[in-house]
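Asker: If you scroll down you'll find the structure; I have some questions about it.
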Amino acid sequence: MKKISFIFVLLLFTLTGCQSATTEGAFFHDYLVNPFSFLIHEIGTFMGGNFGVAIIVITLLIRLILLPFMLKTYKNQQNMKGKMALIKPEMNAIQKKIKETKDKEKQKQLQQELMMLYQKNGVNPLNMGCLPLLIQTPILIGLYYAIRSSSEIASHSFLWFNLGQPDHIMAIIAGVVYLAQSRVSLMNIPAEQQAQMKIMGLLSPVMIFIFSLNAPAALPLYWAVGGAFLILQTMIGKMLYHPQPSIGKQESQ
């Protein structure tokens with residue numbers, strides 16, 4: 001759900017065409033757009049004038065910087081799965097009563113009882129960690145306007161497309177990669193939440209695909225590389241961390 005909020009913020013900034021992003025001397029331009037333009041140019045020059053490779057390198061560097069935060073989020077999710085497993089019998093019993101009763105007041109009491117059960121055991125179903133996503137928002141906006149404001153980068157050909165022109169194949173690739181990433185990320189979510197998250201998980205790749213259809217191809221390139229890295233990151237996290245009900249039980253005491 002937080003991913004979807006992130007995409008909405010991104011669309012809000014980019015589609016409204018923030019004027020300060022392309023105005024020399026503006027704070028946004030000087031401290032976000034210019035640094036990205038500089039990085040793309042410098043890394044691209046080092047890579048033999050290949051700005052596409054520069055964007056891939058920048059994407060990987062960003063993901064490596066965010067890796068500790070993302071692994072911490074993964075660890076929290078795994079601990080949450082352990083805690084959810086511990087309280088599952090009680091939780092299922094309360095949820096069954098909520099479904100069976102028609103009394104609104106009784107339903108309200110049972111909902112409060114369920115919240116108290118969560119609180120007692122240190123369970124917060126909505127706590128999935130949003131700091132890495134908040135950090136990525138200005139990164140994406142900076143990258144978007146860095147491409148738009150530099151004719152040299154925008155006109156650069158990489159593989160079969162120009163970085164500054166929309167490319168439907170890249171849009172499809174970015175959407176498919178994030179669809180795969182959303183499926184893989186479900187491994188971190190407690191089974192009780194997966195049904196809801198499956199629906200929410202579809203919105204992110206769909207929105208990325210739709211936005212990428214009209215965005216510079218550099219953006220779906222960023223998403224495709226970043227999404228592939230996230231899949232690898234999830235696999236690494238799965239090897240490092242496992243649900244530990246006993247730890248969750250000790251923490252709740």
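The values are calculated or read from the model by the stated rules, or taken from the named source; none is laboratory data. Quantities reported herein were computed from a predicted structural model and do not represent experimental measurements. Cβ: placed from backbone, ideal geometry, glycine included. Neighbour counts: every protein chain shown.
Asker: Would you point out which residue out of Ile247, Ile172 is in a helix (DSSP H, G or I), surrounded by fewer than 17 Cβ atoms within 10 Å (Cβ to Cβ), at pLDDT 80 or above and β-branched (Val, Ile, Thr)?
Answerer: Matching residue, one of Ile247, Ile172: Ile172.
Asker: Which members of the stretch 39-76 meet the condition of being more than 28 Å from Ile147 (Cβ to Cβ), surrounded by fewer than 21 Cβ atoms within 10 Å (Cβ to Cβ) and either of a type in the set (Gly, Ala, Ser) or in contact (Cβ under 8 Å) with a residue 60 or more places away in the chain (or both)?
Answerer: Passing the criteria: Leu71, Lys75.
Asker: Asn162 passes all but one of (1) more than 15 Å from the chain's Cα centre (by Cα); (2) modelled with pLDDT under 85; which number fails?
Answerer: Every listed condition holds for Asn162 apart from (2).
Asker: Moving to a separate point now. Being modelled with pLDDT of 75 or more and touching a Gly at 6+ places or on another chain (Cβ under 6 Å) narrows it down to one residue among Val184, Val177, Val206; which is it?
Answerer: Val177
Here's the yes/no breakdown for (1) modelled with pLDDT under 80; (2) within 20 Å of the chain's Cα centre (by Cα); (3) hydrophobic (A, V, I, L, M, F, W, C):
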{"position": "Val57", "(1), (2), (3)": "no, yes, yes"}
{"position": "Leu60", "(1), (2), (3)": "no, yes, yes"}
{"position": "Phe69", "(1), (2), (3)": "yes, yes, yes"}
{"position": "Gly82", "(1), (2), (3)": "yes, no, no"}
{"position": "Glu100", "(1), (2), (3)": "yes, no, no"}
{"position": "Gln119", "(1), (2), (3)": "yes, no, no"}
{"position": "Leu134", "(1), (2), (3)": "yes, yes, yes"}
